[in-house]
Amino acid sequence: MKRFTKILAAVLVVAFMFSALSVGAFASDEPRTITIGTWWDIYYDSTHTALEDDPSYTGSLSDQMRFDVVKAVEEKYNVKFQYVNLTYTGITESINTSILAGTPECDVYLCDLSMGIPAAVNGLALDLKTVLPEDADVLSDQTVLNYLDLGDGKACLMKQVLGQNVVEATSPLAFNKQMLEDNNLEDPRDLYARGEWTWDKFVEYCQTLTQDTDGDGVIDQYGFTGYKEDVLSNLLMSNGATIAAGTEEGLSSAATGEALQFYYDLYNTYNVCEPYVEQDNGDVMRFTYRNGNIGFWPSAAWIASTNADYDWDGSVGSTLEFDTVFVQWPTGPSGDQETNKAKLTAGSFWFIPNGVEDPELVYNVFEALSNWYNDDVSIRDDVETMWWWYATTASDPDLQVENYDVMFDLGSREQFDVYQSLEAQVDGWDLEQLIFGTMTAAQYQETYRQQFQAAIDSYFG
Amino acid sequence: MKAKRMLALLMVMLMCVGIFGSAAAWADEAPVSVDFEDGNMGFVSVYSGMANADACALEVVDYNGSKALQITNGSGKVPYVAFDVVGLLGDKAADVASIDMTMGIVNPDGKFYACSGNVMLWMDGGLSSEKHGWSVYLEAKNPKSAPVTLDPAKGEVFSAEQPLMIVTLEVDNGATAGEANAVLYIDDIIFKDADGNVIPADTTASFTAPDGFGGSKDMSNLQYLGADAVELEGMAGKAAGAWTQDGVDMTEEFLAALVPGAVIEIEYSSEAGDMWIVMPDASVGWSRVEQQTAATNLSKNICQITYEQIAAVCGDDVSAWGARLQCEASGAWEVYGVKVGQPTGLKNLAGKTEIPGMAGKAAGAWTQDGVELTEEQLALLVPGSVIEISYASETGDMWIVMPDASVGWSRVGDQAPVCDGSVAQVTYEQIAAVCGDDPSTWGTRIQCESSGAWEVYGVSICSGAFKSVKGNVEIPEMAGKAADAWTQDGVELTEEQLALLVPGSVITIQYQSDTGDMWIVMPDASAGWSRVGNEAPVCDGSMAQVTYEQIAAVCGDDVSAWGTRLQCEASGAWEVFSVSIGTAAE
């Protein structure tokens, strides 16, 4: 190693002497290369010369536009750019070492929440509000890029706006249209439109729907059911509550306490819920609505498609005799229909690291690349791509559109809260303690508060 | 412009300062524990106990101006390279608080592709779940340092039971892009104690494998031969190109063992993965036997051909087979050993549950010792289950005794015991044949016994036996699929792949999962989204099998109603290394 080190040092001296003498190069108009670090291969960039360089090229219009935007961006901003697959471990290491050293190896990083949150919290990711004009897309219209609001007033983690990105992972409240009609209950969507869709009204509806329909003395129709994780996240958001949305735990907050108490009361005070199957991992309680004896339940496009509720691919025919209608979750006492969040943040993000030269240029290039569809959303979210999201939740075309619109509305209001990722670190945490009434809401908060804080401390580093 | 010139000159000055600083460092280069300059690498070994483990080649070579350990991928799988840290550092191994290594990558095509992997300890007889990632992700930083800080709170302390550090190369962007696998170089390993002191190493140390390291040969799809199997001298080391034969004359001892029921077992490597034999001097003429159809393990490095398969080609009279036995494959090949013997009847078992308290039991000939089974253990004794005993005995045999059975004190498995001198198996059905069909009448005590003095190293109740499968066709798109617990991922099957799903077919999955289990999901079945094989999964932590009949029981008999999508799932985070469809050999 020693001899090599000496040779390397000599080469470095020569190289730097040469570069110092080549000061004329500083004056040249050589295009800057923007490096975008990823952990999977992304097409296209300045290194690609043909459409076929993308192995998944299909000849579609969107392929052509993604290829053409490269040249347009190069010319407009006098740059070259390159996606570099660093591997997942490599991108983590690059973020944690090179940015910290003040010499970021990439101008833009792809990240997931486990990398991005610590980078944002610890100042490795650039707050775009400090370098961009107020009318930059990500800070204003957000038609091409939006950002993850961590509640600290900063805009560090960007996400490309895509129809699929918005509607995926949404969990609307679903109801059995015919059951509500049979019980002369007004469409909850109308109540929501008037701002009257509240927890109180929801309980009223559930109490009406919980019935002994065959008169044998046993309740056989229920106002509500749902898998515990799906329910709690939505009750929290509908009450403006979070548990792990920042460096301080929110489990002990009053708003969270109200959500936990409401969950407890649905099962133990109002008694409007279908009996819960112990230790279900979601396989059972997510799907009992299909029996037709449930008024409301947390749904999702993937849940509806799991058993082909409405024949999304035309192969099996609709398997339900009632219509599923999506509506926003009712608003809790500490919530606000106008400001409530409605979808837990997930997925991957992008950020520009602190220390990058001319970050506004980097942002402009990245925004231009992301807008390969030239603001034509119909190309970006073309019908063929999005069709499944419509067809999977209903048979009636009008209802398909209405359900999609609810999903899109929910997906447009993301809540950053990583509590579900931390639950495994909280010994004993089990929402069934509330469902089965073995612990009150206050006991639940007190029992797990400190453990959650410790988990949050570890997560945010 | 002036500012730029000033900046340039400033940079030169800074570099000069840096270089002189480095020069000072040359005179006092930081010590390392292992620099490979002496060429020693006896303390390193390839670990092959994982289903995705690569049989990589290790060598100390010149790299980047000095000697380094070169790790060359052999089959496109994941290299697991183990360093005997206790052997290197002795008692000081327990003081290791941090490790640093220089890692470098060379891609055969001369380009650079990022690579990454993990560093972990050997714990509890296997790889630790605590992993420290390393990466070489930029050409400008190749080679680079890979620092690891151990966490004693998570058990990361080297000891006699945890003597190894294992380095893997798991993500190879070049290979993913269809290029040849990267060659990995490791150099300048530094073990430091908590005070930052470098711990010196004895690089003359030899690798000592801890319990479980060697694992066992991959005997998937194969029969276990008895310890008295006869090696064919002169075959080890034979090698030839594709469709070219080489071999030796069979010895008298070998021919004497080549009798009805016997099995010829060949350990080999071949570019195409296949291997068969040729009998060039057979009376019926030059004859290939089991060309590309021989029973082969999933690792494609052991195959077996039966006496009956040879007889089907060359006739029943062994004397008419000719004396010469050759090997052949459709790719370049090498043979490491050929033997013939009688199968013991031992099976590859799945779902092992150890019975604590049995390990260490020992007694004289015809003397019993054992334990009371708990209710949970008794509940595992269901049709299809098998009791497996790891043991040693003077006479080589081993069976069990059920002393409290309602039918009276009962020996089970003593008649024609299924054992090979180190492993014995007794099936539920054997017990039922002696003690009756109702397990509640078997008593709760289980004992071991042998005709010679014996000692037991472990007893397990296994949920069932893997099927031997022939004609495995891999679904290449499944390799590398991974997901979190209770999350599915998979592929659309082609028409050709769907056509393989016929009665008697078996889907074999090589995998790892945090919880050890694995099954399949048929998301688009007409019967609805369906899990298959999740009830009492037939798996052992690295291999799982799901049969056609299991799928049919959930999704119906009509394959066209199963949907075309096949997914994998486990109750813990999982990764699949290969999925193949074949036909049960039995």
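The values are calculated or read from the model by the stated rules, or taken from the named source; none is laboratory data. Since this is a predicted model, take the numbers as computed values, not measurements. Don't worry about glycine lacking a Cβ; one is built from the backbone with ideal geometry, like all the others, and counts go over all protein chains shown.
Residue count for segment A:66-91 under the criterion of being more than 14 Å from chain B (Cβ to nearest Cβ) and either crowded, with 23+ Cβ neighbours inside 10 Å or among the basic types (Lys, Arg) (or both): the result is 6.
If a residue has to be part of a helix (DSSP H, G or I) and among the hydrophobic types (A, V, I, L, M, F, W, C) to count, how many in segment A:241-287 make the cut?
Total satisfying the criteria: 6.
Being more than 22 Å from B:Gly42 (Cβ to Cβ), in contact with a helix residue (DSSP H, G or I) (Cβ under 6 Å, 6 or more places away or on another chain) and either assigned by TED's automatic domain parsing to the domain that holds B:Asn73 or part of a strand (DSSP E or B) (or both) holds for only one residue in B:Glu179, B:Glu130, B:Glu156, and it is B:Glu130. Of all the criteria given as (1) more than 12 Å from every other protein chain (Cβ to nearest Cβ); (2) touching a residue at least 12 places away in the same chain (Cβ under 8 Å); (3) over 25 Å from B:Ser571 (Cα atoms); (4) surrounded by fewer than 19 Cβ atoms within 10 Å (Cβ to Cβ), the one not satisfied by A:Glu278 is (3). Answer yes or no as to whether B:Leu566 is at pLDDT 90 or above, closer than 28 Å to B:Glu290 by Cβ, of a type in the set (A, V, I, L, M) and not assigned by TED's automatic domain parsing to the domain that holds B:Thr306. No; evaluated as a whole, the condition is false for this residue.
Within the group B:Leu58, B:Leu121, which residue is touching a strand residue (DSSP E or B) at 6+ places or on another chain (Cβ under 7 Å), away from chain A (no Cβ under 14 Å) and without any contact (Cβ under 8 Å) to a residue 40 or more places away in the chain?
Working: B:Leu121 fails: without any contact (Cβ under 8 Å) to a residue 40 or more places away in the chain.
The conditions single out B:Leu58.
The residue pairs whose first member lies in segment B:515-544 and is outside the structural domain of B:Trp486 (by TED's automatic domain parsing), whose second member is surrounded by 19 or more Cβ atoms within 10 Å (Cβ to Cβ) and not in a loop (DSSP other than H, G, I, E, B), and whose beta carbons are closer than 6 Å, counting only pairs six or more residues apart or on different chains, do not exist in this structure.
Quickly run through segment B:533-562 and pick out the residues that are within 14 Å of another protein chain (Cβ to nearest Cβ) and buried (at least 23 other Cβ atoms within 10 Å of the Cβ).
Within segment B:533-562, B:Trp562 is the sole residue that qualifies.
Sort through A:Glu432, A:Glu414 and tell me the only one that's touching a residue at least 24 places away in the same chain (Cβ under 8 Å), surrounded by fewer than 18 Cβ atoms within 10 Å (Cβ to Cβ) and assigned by TED's automatic domain parsing to the domain that holds A:Phe326.
The conditions single out A:Glu432.
For segment B:511-532, the candidate set comprises residues that are among the polar types (S, T, N, Q) and either in a strand (DSSP E or B) or under 27 Å from B:Thr353 (Cα atoms) (or both); within that set, the residue that is farthest from the other protein chains (Cβ to nearest Cβ) is B:Gln512. If I filter segment A:291-321 down to residues being at pLDDT 95 or above and buried (at least 17 other Cβ atoms within 10 Å of the Cβ), which single residue comes out as farthest from A:Thr225 (Cα to Cα)? So, considering only residues that are at pLDDT 95 or above and buried (at least 17 other Cβ atoms within 10 Å of the Cβ), the one farthest from A:Thr225 (Cα to Cα) is A:Ala300.
Each residue in segment B:552-571 was checked for being closer than 25 Å to B:Asp540 by Cα and part of a loop (DSSP other than H, G, I, E, B), and 2 of them qualify.
Here A:Asn354, A:Asn364, A:Asn374 are screened, and the one residue that is polar (S, T, N, Q) and at positive phi is A:Asn374. Every condition in (1) within 14 Å of chain B (Cβ to nearest Cβ); (2) farther than 23 Å from A:Trp39 by Cβ holds for A:Ala346 except the one numbered (2).
Output yes when any residue across segment B:449-472 is in contact with a helix residue (DSSP H, G or I) (Cβ under 6 Å, 6 or more places away or on another chain) and not assigned by TED's automatic domain parsing to the domain that holds B:Gly76, and no when none is. Checked against the condition, which is being in contact with a helix residue (DSSP H, G or I) (Cβ under 6 Å, 6 or more places away or on another chain) and not assigned by TED's automatic domain parsing to the domain that holds B:Gly76, segment B:449-472 yields no hits at all.
Results for (1) among the polar types (S, T, N, Q); (2) under 21 Å from the mean Cα position of the chain (by Cα); (3) within 14 Å of chain B (Cβ to nearest Cβ), shown as yes or no for each residue.
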| position | (1), (2), (3) |
| --- | --- |
| A:Leu266 | no, no, no |
| A:Val272 | no, no, no |
| A:Gly292 | no, no, no |
| A:Leu320 | no, no, yes |
| A:Ser334 | yes, no, no |
| A:Lys341 | no, yes, no |
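Select from segment B:390-433 the residues that are of a type in the set (A, V, I, L, M, F, W, C), outside any loop (DSSP other than H, G, I, E, B) and under 14 Å from B:Ser450 (Cβ atoms) and list them in ascending order.
Residues satisfying the conditions are B:Ala392, B:Trp399, B:Ile400, B:Val401, B:Val412, B:Val418, B:Cys419, B:Val423, B:Ala424, B:Val426.
Regarding B:Ser98, is this residue surrounded by fewer than 18 Cβ atoms within 10 Å (Cβ to Cβ) and in contact (Cβ under 8 Å) with a residue 40 or more places away in the chain? Spelling it out, B:Ser98 is indeed surrounded by fewer than 18 Cβ atoms within 10 Å (Cβ to Cβ) and in contact (Cβ under 8 Å) with a residue 40 or more places away in the chain. When the residues of segment B:103-118 are filtered to those that are more than 28 Å from the chain's Cα centre (by Cα) and in contact (Cβ under 8 Å) with a residue 24 or more places away in the chain, the one that is farthest from the other protein chains (Cβ to nearest Cβ) is B:Asp109. Flag: B:Ala499 does not match the condition of being among the small types (Gly, Ala, Ser), within 14 Å of chain A (Cβ to nearest Cβ) and either buried (at least 23 other Cβ atoms within 10 Å of the Cβ) or over 25 Å from the mean Cα position of the chain (by Cα) (or both). The condition (being modelled with pLDDT under 95 and more than 30 Å from B:Pro143 (Cβ to Cβ)) is satisfied by just one residue among B:Ala229, B:Ala209, B:Ala205: B:Ala229. Identification of helices (runs of 4 or more DSSP H) wholly contained in segment A:57-156 with 2 or more residues that are touching a Cys at 6+ places or on another chain (Cβ under 8 Å) and modelled with pLDDT under 95 yields A:113-121.
Here A:Lys159 does not qualify as part of a helix (DSSP H, G or I), of a type in the set (Lys, Arg) and on the phi < 0 side of the Ramachandran plot. Do we have B:Ala272 as within 21 Å of B:Ser75 (Cα to Cα), of a type in the set (Gly, Ala, Ser) and touching a Ser or Thr at 6+ places or on another chain (Cβ under 7 Å) here? Spelling it out, B:Ala272 is indeed within 21 Å of B:Ser75 (Cα to Cα), of a type in the set (Gly, Ala, Ser) and touching a Ser or Thr at 6+ places or on another chain (Cβ under 7 Å). Condition test on A:Ala120, is it buried (at least 23 other Cβ atoms within 10 Å of the Cβ) and out of contact with any helix residue (DSSP H, G or I) (no Cβ under 7 Å at 6 or more places or on another chain)? For A:Ala120, the condition - buried (at least 23 other Cβ atoms within 10 Å of the Cβ) and out of contact with any helix residue (DSSP H, G or I) (no Cβ under 7 Å at 6 or more places or on another chain) - is met. Is it true that A:Leu422 is of a type outside the set (D, E, K, R), more than 26 Å from A:Thr324 (Cα to Cα), part of a helix (DSSP H, G or I) and in contact (Cβ under 8 Å) with a residue 60 or more places away in the chain? Against the criterion (of a type outside the set (D, E, K, R), more than 26 Å from A:Thr324 (Cα to Cα), part of a helix (DSSP H, G or I) and in contact (Cβ under 8 Å) with a residue 60 or more places away in the chain), A:Leu422 qualifies.
Taking (1) closer than 14 Å to B:Cys448 by Cα; (2) of a type outside the set (A, V, I, L, M, F, W, C); (3) buried (at least 17 other Cβ atoms within 10 Å of the Cβ) in turn, B:Ser385 satisfies each apart from (1).
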